[in-house]
Amino acid sequence: MADCERSDPIGIAQDVNAWTSLAYAAVAVALLAGVSSKKLFRSAALLAFLSLAEAVGSVLFHGDPSDVGQWIHDVALLGMLGVVTGAHVGRLWGMIDRGAWIGGLAVTISVGLVHPVAADAVNGSAGVLLAVAVLAELVARRRGEPAMVRLGAIFVFALAGATWVLGTTDSPVCSPDSIVQFHGLWHLLSALAVFVWADRALATAGPQLGSGIGRLYSDRVVGLVAIILVRGFHRDVDIEGRSSIPTDRPVVLVANHGNGFVDPAVMAAALRRLPRFIAKASLWKILPARVLLDAVAVLPVYRRADGDDPRGNDRMFAASTDALARVDRVAIFPEGTTGDRAGLDRVRSGAARIALGARGAGVGNILIVPIGFAFESRVETRSRVAVTIGDPIDLDEWCATQVSLDERAATHALTEAIATQLVAVSPVYSSVDEREQLRMAAEVELRSRDRRARTPSFGAVERRASMIAAASSEQRQRVIAALSDHVLRRTMVGLGDEAMGEGTMRVGLGALLLAAGALFFAGPFLLTVMLVHLPALVLVRLAVSSVDSTATKGTVRLLTGAAAMLATWWIVAAVLFDGVLAVTSAMVVLGVSGACAMFVWGWLRSGLSTIRRWLRERDRRALVDGLLVSRSELIEAIGDAVVDVSEPDQV
C-alpha cells in the first residue's frame with residue numbers, strides 16, 4: 001500500500017493516516033457553523049458535505065482499503081477542488097457563491113460517473129482544476145480585485161503539497177513504523193488549507209477582509225499570544241479605563257505611536273483580542289512581515305510619501321466600513337509614523353475619514369476611543385508599560401453638533417477633536433530629557449508614600465509626571481532642580497529610593513535573613529536557567545544594538561526575543577530528548593522555567609539590594625540626614641505643582 005505507513009493486518013491498516021483524516025470532519029463542522037452564523041456563503045455547506053465525505057472516504061481507504069473507500073475519497077477530493085475552482089471562476093462574473101455551487105456539483109457528479117473506469121486520472125484532474133483556479137485568480141488580480149488567497153494561505157497550501165510528496169512510499173524520508181507520518185500531516189495541513197481558503201473566499205463580508213468564522217477565533221488566539229509576549233517582555237502593564245471600550249458597538253481605536261511593532265502588541269494584549277489594524281502598505285514589501293500582516297488581516301494604507309498610489313485606499317476604506325458594520329474594532333495610529341518623541345506628532349485625517357465614511361455608508365453608533373501608550377524603556381527587556389484609555393467620542397452625537405459643516409470641514413474638525421483626546425491620554429512633555437526627569441521625580445514622591453518604599457506602578461508614575469508636566473515652566477524647573485540635588489545626595493550615599501521608607505533607612509534582621517535565603521535558594525536555579533538561555537539573550541542584545549532608532553529597538557527586541565527563545569527551547573529539547581512527545585514536553589518545561597526565572601530574578605535582585613543597603617547604611621550613616629532633607633524638598637516642590645492622583649486598574 002502507498003502513503004508510506006506500514007499496514008497492520010489486524011484492525012485499522014494505517015492507524016496514523018486513518019485517524020488524521022478526521023481533520024476533514026472538523027473542517028466540515030467549522031464550515032457549517034460559518035454558514036449557520038451567516039458569515040460564509042451557502043456554498044460553504046456543499047464544501048462541508050464534501051469535506052465530511054473526504055473524511056469518511058479517507059478513513060475507509062486507510063483503515064481497510066477497498067474500491068468503495070477509494071471512490072469516496074477521490075470523488076470528494078476532486079469535488080472540493082471543484083468548489084474552489086468554481087468560486088474563483090465565478091468571481092470573474094460577480095457570482096462567487098453560484099460559481100462555487102456549479103463547480104462543486106459539476107465536478108462531483110462527473111468524477112463520480114467517470115471514476116470507475118478512469119481512476120488513474122485523479123491526479124491529473126486535480127492539477128487541471130488547480131491550474132484553472134490559479135489562472136482565474138491572476139485575472140481577477142489584474143482587474144484590481146482583492147486577493148481571495150493571501151500569502152499566508154499560499155504558504156499553508158505549499159507546505160501541504162510538500163508533505164504529500166514526502167509522505168509517499170518512495171520518499172527518502174519514509175519511515176513506515178514511525179508515529180509521525182508525512183501523509184498524516186498532509187491530511188491535517190490540507191484540511192487547514194481548505195478552511196483558510198473558505199474562510200476568506202466564501203466570506204459574506206467579501207474577500208477584501210475575509211472575516212469568516214475563523215477570524216473570530218484567530219483574533220482571540222492572537223490576543224492571547226500578545227498577552228504572553230507583552231507580559232513576558234514587560235514586568236508590569238497598567239491599564240486605566242478599559243471599560244471605555246464597549247463590546248456591543250463599532251469602535252475606531254486611535255493611539256499614539258512611539259514604539260514600533262510593540263504598540264499594536266500592547267494594544268492587542270490590553271483588548272485581549274486583535275482589532276483590525278491599519279498599517280502603511282510599504283510594510284508589505286518585506287516578505288516576512290507580509291506573511292504576518294496577511295495572517296492577522298492588517299489593512300494596508302497607501303501613502304504618496306512612500307511612493308504608493310493612494311487610489312488603492314478605496315479597498316481599505318471599504319474593508320474598514322465592513323468591519324465596523326459587523327461591530328468590530330478598527331485600530332489606527334493617526335500620527336502615521338513611529339518614534340521616541342516627547343509629545344504627539346501631527347495627527348493625520350485617516351481615522352476621521354474612516355469613521356465618517358462608515359457613518360456615511362449607514363453604520364451607526366460608532367465610538368472613537370483614544371488610547372495612550374507610555375513606556376518606561378524601549379530597550380530594556382523587563383521594563384514597564386502604562387496604557388491609558390480616554391473618554392470616547394460618540395460620532396453620532398458629535399455629528400449632530402456639526403450639521404453646518406461640509407465633508408472636508410467635518411473631516412478637519414473631527415481630526416482636531418481626535419487630536420485633543422489623544423493629547424489627554426498620551427505622554428506630552430517639552431523634551432525627552434524633561435520626560436525622564438519628571439518620571440524620576442514622580443517615582444521618588446510616590447515611593448515616599450509607602451512605608452516599605454515599594455516601587456509604584458508605572459501607570460501611577462506616568463500620570464503623576466504628566467501632572468507635573470502640565471505645571472508652569474517655573475514650577476517644573478523647581479522640581480527638576482530639587483531632583484538634581486536629591487540624585488546627587490543619593491549618589492553620595494550609594495543607596496536608591498527603594499531603601500527609604502517614611503523617613504527611615506534601617507534594615508531589620510528579618511529582611512536581612514530573607515534576603516540571604518533568596519540568594520541561597522534562588523541563586524542556583526536562576527544561574528542554571530540563565531546559562532540555558534544565554535545564547536538567546538546574547539542574540540537579542542546584539543540585534544538590539546545593531547539598530548539606531550530607539551523606537552525600532554523595541555520591535556527588534558520583541559520579535560528577535562520571541563524567535564530566539566523558541567529556537568533555544570527546541571534545540572535544547574531536541575539535543576536532550578528523543579521523540580515528538582518528549583521534545584514537546586521538554587520545550588514546555590523550558591518555557592515555564594524561563595518564565596519562573598523572570599519572577600525569581602526580581603526576588604533575587606530585591607535580596608541583593610537589601611544586603612547592599614545594609615552594608616551601605618553602616619558605612620554612610622552620616623550622610624543619610626541630608627538625603628532625607630533633599631527628598632522632602634523634592635516632594636514639597638511636586639506638591640506645590642500638582643494634586644493627588646488615583647491608582648490605576650491592573651491587567
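None of the figures in this text is laboratory data; all of them are computed from the coordinates on show. Since this is a predicted model, take the numbers as computed values, not measurements. Cβ placement follows ideal geometry from the backbone for every residue including glycine, while neighbour counts extend to all protein chains displayed.
The packing ranking, built from the mean of other Cβ atoms within 10 Å per residue, places the peptides 629-637, 382-390, 154-162 in the order 382-390, 629-637, 154-162, highest first. Cross-link partners for LYS553 among the lysines, with Cα-Cα distance under 16 Å and sequence neighbours closer than 8 places in the same chain left out, do not exist in this structure. Counted over all Cα-Cα pairs of the range 215-425, pairs farther apart than 30 Å make up 17 percent. Could you pull out every one of the lysines with an alpha carbon less than 30 Å from that of LYS39, ignoring same-chain neighbours closer than 8 positions? Straight-distance partners of LYS39: LYS280. Give the calculated FRET efficiency between ASP485 and ARG541 to the nearest 0.05, with a Förster radius of 22 Å applied to their Cβ-Cβ distance. Computed FRET efficiency for ASP485 and ARG541 comes out at 0.05. How fast does the range 352-461 diffuse by Stokes-Einstein, in µm²/s, taking the Kirkwood radius from C-alpha pairs at 20 °C and 1.002 mPa s? Stokes-Einstein gives a translational diffusion coefficient of 128 µm²/s.
Think of it this way: in the chain, CYS399, CYS596 stand alone, with no other Cys Cβ under 4.7 Å.
In this structure, ARG272 and VAL117 have a Cβ-Cβ separation that, at R0 = 51 Å, corresponds to a calculated FRET efficiency of about 0.35. The Rg/Rh ratio for the range 22-168, using Cα coordinates for both the radius of gyration and the Kirkwood hydrodynamic radius, is 0.97. With just the Cα atoms defining each centre, how far is the range 150-182 from the range 535-587? Give it in Å. For the range 150-182 versus the range 535-587, the Cα centre distance is 26 Å. For the pair ASP391 and SER110, the difference between a 0.36 nm per residue extended length and the Cα-Cα distance amounts to 95.0 nm. Based on DSSP H segments of at least four residues, each scored -39500 (n - 2.57), the chain has a per-residue ellipticity at 222 nm of -21000 deg cm²/dmol. Could you run the Debye sum over the Cα atoms of the chain, one equal point scatterer each and no solvent, and tell me log10 of I(q)/I(0) at q = 0.06, 0.10, 0.11 Å⁻¹, two decimals? With one equal scatterer per Cα and no solvent, log10 I(q)/I(0) is -0.45, -1.04, -1.17. Hydrophobic, long helices, defined as DSSP H runs whose alpha-carbon span along the helix axis is 24 Å or greater and whose mean Kyte-Doolittle value is at least 1.0, occur in the chain at 43-63, 96-114, 122-142, 213-233, 509-545, 550-576. Identify the residues of the range 460-484 with backbone N under 16 Å of a label point that sits 7 angstrom from the Cα of SER431 along the Cα-to-Cβ direction, or state none. Label zone hits: 469, 473-484. Under 5 Å between amide hydrogens, built in the peptide plane, is the criterion, and for ALA279 it picks out LEU299, VAL301 among residues at least 5 positions away or on other chains.
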